[in-house]
Amino acid sequence: MRKVILLLTLCFGTVLVQAQTLEELKSTLAVQKDSLKAAKSRVDNTQGKIDAFPGWKKGAFGTIGGSFSNFNNWYAQKSPNNRSGNIGFTANAFANLDTENFFWRNAGNINLSWVKFDDKDVADNSEWREATDVFTVSSLYGQKLSETFAISGLGEYRTTILNNFNNPGYLDVGIGATWTPLTDLVVVVHPLNYNMIFSRNDAVFDSSLGTKILVDYTRQIQAISFKTNLSMFQSYKSSDLSNWTWNNSFSYTLWKMIGVGFDFGLRSNKQEALKYNIDNFDNTSGDPAPTFGNIKNKLQSYYTLGLSYKF
């Protein structure tokens, strides 16, 4: 009987020691987590002070997306034997200099994608074709009048590079004012701006003087990087010559430098809509020739979803 009692006592004591040890480990873990939070807070605070110092700040992030498929004898669909693919990428880069008296902000954005559909049973064009083609670079210089207000000059160039390079190409050059209420937010209003358009079809595209408005917000918060950029031009000559483009990029890092990225853009440009209608006009249809007065300026859009890589 004594042996049984002794054995039960030893078992109970072992369980009690294990329970105490487990509680001690949990308590130690809680202390360690608090220490990590405190250390991270100190690191973030120090990094914020470093970022606030004048000097060059550079960065880049991008998105890569793609899919490929191959079907053989898949009779449920219209083309049972086909190969298809889609691949695209975007990249956003910036280099900004901030001093006590002036700033110089430079940015670039590129978004390219290709698609392919090859019906094996039909002799068709199975080559890769351009689907998305966006290229923008800008440079903004400002002479500070205060911490948040500056007299500025802006140069911005937009075009396509895979197909119809510089046809059209848009070059905005102007002067005005820049407001920087936040470190990462820039609002540009240039009432004296010339929108120069390069094109082989001068009958459609027309350069003009007008107001340039640019709003850019680029931010990185731990694993999240995002950028939104709105570029608008309001022509003094005619509203048909006005245009705007809104590009957005979002990236979330999941592991090391790899994550998930999403990009989308919107654009309204009546001159581009007119050129498209003229290029695709059927002279035998009996319809009137396309003009600014009879075309529909539909909203342009694109998006890319895929893996992202933080440079």
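Each value in this text was obtained by applying a stated rule to the coordinates, not by laboratory testing. No experiment lies behind these values; they were computed from the predicted model shown. Neighbour counts run over all protein chains shown; Cβ positions are idealised from the backbone, glycine included.
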- Theoretical ellipticity at 222 nm over the chain - DSSP helices of four or more residues, -39500 (n - 2.57) apiece, nearest 500: -7000 deg cm²/dmol
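Just order 22-34, 273-285, 182-194, 141-153 by mean Cβ neighbour count inside 10 Å, highest at the front, would you?
Working: 22-34: 10.0, 273-285: 12.7, 182-194: 17.5, 141-153: 15.7.
Going by the mean number of other Cβ atoms within 10 Å, highest first, we get 182-194, 141-153, 273-285, 22-34.
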- Message: Can you return the aspartates and glutamates within cross-link range of K296? Criterion is Cα-Cα under 16 Å, with same-chain partners fewer than 8 residues away left out.
- Response: D240, E272, D279, D287
- Among all the aspartates and glutamates, which ones have a C-alpha under 14 Å from K26's C-alpha, if same-chain residues fewer than 8 places away are not counted? D34
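Given C-alpha coordinates of the chain, what is the ratio Rg to Rh with the Kirkwood estimate of Rh? Write down the numbers at each step before the final one.
Details: Rg = 29.1 Å, Rh = 24.1 Å.
Rounded to two decimals, Rg over Rh is 1.21.
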- Given K116/K212; K144/K298; K120/K256; K58/K256; K212/K275; K57/K270, the pairs whose alpha carbons are separated by over 29 Å: K116/K212; K144/K298; K120/K256; K57/K270
- Taking a cut-off of 20 Å between Cα atoms, list the aspartates and glutamates near K227, but don't count ones fewer than 8 places away on the same chain. D51, D98, D133, E156, D184, D216, D263
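Which value, in Å³ per residue, describes the convex hull spanned by the Cα atoms of region 226-289?
Per residue, the Cα convex hull of region 226-289 comes to 112 Å³.
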- Query: In degrees between 0 and 90, to the nearest 10, how far off the longest principal axis of the chain does helix 2-52 point, with axes built from Cα atoms?
  - Reply: 30 degrees
- Note on the structure: Amide H neighbours of N166 at under 5 Å, excluding residues fewer than 5 places away on the same chain, with H built from the backbone geometry, are T160
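When you count, for each residue, the other Cβ atoms within 10 Å and take the mean per peptide, how do 70-79, 295-304 rank with the highest first?
Working: 70-79: 9.9, 295-304: 13.4.
Highest mean packing first, the order is 295-304, 70-79.
Over all distinct alpha-carbon pairs, what is the Kirkwood Rh of region 102-192 in angstrom? The partial results should precede the final answer.
Details: mean 1/r = 0.0630 Å⁻¹.
About 15.9 Å for region 102-192.
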